[in-house]
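Everything on this sheet refers to the single structure shown next.
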Amino acid sequence: MKIRDMNWMQVEEYLKKDDRAVLPIGSTEQHAQLSLCVDHILSERVALEAAEPLEVPVFPGVPYGITPYFMAYPGTISLTADTYARLIRDILDSLAAHGFRRIVLVNGHGGNAPVQALIDEWSGTHAGVTVKFHNWWKAPATWKKVMEIDPVASHASWMENFPFTRLDDVHYPETQKPMLDAAHIRELSPVEARRYLGDGNFGGRYQRSDQDMLAVWRTGVEETRRVIAEDWP
């Protein structure tokens, strides 16, 4: 359920019977022909669909992340690692202060990986609170499904081209782009990274059938739901 559809009294009542909460985190960055908000759209949507039958509240997603290497692409917004850490820390502090003791961060952006170190540090000073960091798209079952469908998959390729991330009246190439070196991109300046990447797809086909995408999506939702529901202390 969405926290925006609840008032404070309902949250207070919820906390008498459950102490779980979900926070989606993503980014606003180039995704080739797809929406700039792919990572935000997907992390929030997978969190909502996964949490709904569990009746666990999902807080509004954080739409910005750490993505300095894409700053030569207009529309990209990048936070510094320090700013992002402070933001996530303040959110966790607030959730813990209200009595949430089991928190899942559903992440949709690879550049947000430093959050795991923050969680480890934060947890050391907040006994009794457990925080899970879940990269939904690369969790074992979901990534296995992606590889079964097409092992040539990457940033801004078919694996992120869902009906709810593609744009109307935009042409998606029918070719398969050769896989580029993702690690090398981190070594380049934003201008050099854009020159190297071109449209922004790291490699792979631009689009697959909705049937393939639904198979990936179902797996992602089910796997995220298990993370929210199971294996808590």
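The values are calculated or read from the model by the stated rules, or taken from the named source; none is laboratory data. Predicted, not measured: the structure shown is a model, and the values here were computed from it. Glycine gets a Cβ as well: all are built from the backbone with ideal geometry, and neighbour counts include every protein chain shown.
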> Does region 42-54 contain at least one residue that is within 30 Å of Gly124 (Cα to Cα), in contact with a Gly (Cβ under 7 Å, 6 or more places away or on another chain) and not hydrophobic (A, V, I, L, M, F, W, C)?
Replying inline: yes
>> Given the criterion closer than 29 Å to Met71 by Cα and touching a helix residue (DSSP H, G or I) at 6+ places or on another chain (Cβ under 8 Å), identify the matching residue among Leu15, Leu34.
In response: Leu34
> What are the pairs, 6+ residues apart or on separate chains, where a residue within region 102-121 that is farther than 24 Å from Ala183 by Cα and free of Cβ contacts under 8 Å to residues at least 40 places away in the same chain has its Cβ under 6 Å from a residue that is hydrophobic (A, V, I, L, M, F, W, C) and surrounded by 21 or more Cβ atoms within 10 Å (Cβ to Cβ)?
Replying inline: Ile119/Val131
> For region 193-218, which residues satisfy the criterion of being among the hydrophobic types (A, V, I, L, M, F, W, C), in a loop (DSSP other than H, G, I, E, B) and free of Cβ contacts under 8 Å to residues at least 12 places away in the same chain?
Replying inline: none
>> Of the conditions (1) at pLDDT 95 or above; (2) of a type in the set (D, E, K, R); (3) farther than 30 Å from Glu55 by Cα; (4) within 20 Å of the chain's Cα centre (by Cα), Arg186 satisfies every one except a single condition; which number is it?
In response: (1)
>> Being among the polar types (S, T, N, Q), assigned to a helix (DSSP H, G or I) and buried (at least 20 other Cβ atoms within 10 Å of the Cβ) is the filter here; which residues of region 66-86 pass it?
In response: none
> Can you tell me which residue in region 89-140 is surrounded by the fewest Cβ atoms within 10 Å (Cβ to Cβ), limited to those that are within 11 Å of the chain's Cα centre (by Cα) and in a helix (DSSP H, G or I)?
Replying inline: Lys138
> Would region 164-185 turn up any residue that is of a type outside the set (Asp, Glu), closer than 30 Å to Phe100 by Cβ, touching a residue at least 60 places away in the same chain (Cβ under 8 Å) and outside any helix (DSSP H, G or I)?
Replying inline: yes
> Yes or no: Ser27 of a type in the set (Ser, Thr, Tyr), modelled with pLDDT of 95 or more and out of contact with any Asp or Glu (no Cβ under 8 Å at 6 or more places or on another chain)?
Replying inline: no
>> Given the condition assigned to a helix (DSSP H, G or I), under 19 Å from the mean Cα position of the chain (by Cα) and not aliphatic (A, V, I, L, M), answer yes or no: does some residue in region 14-33 qualify?
In response: no
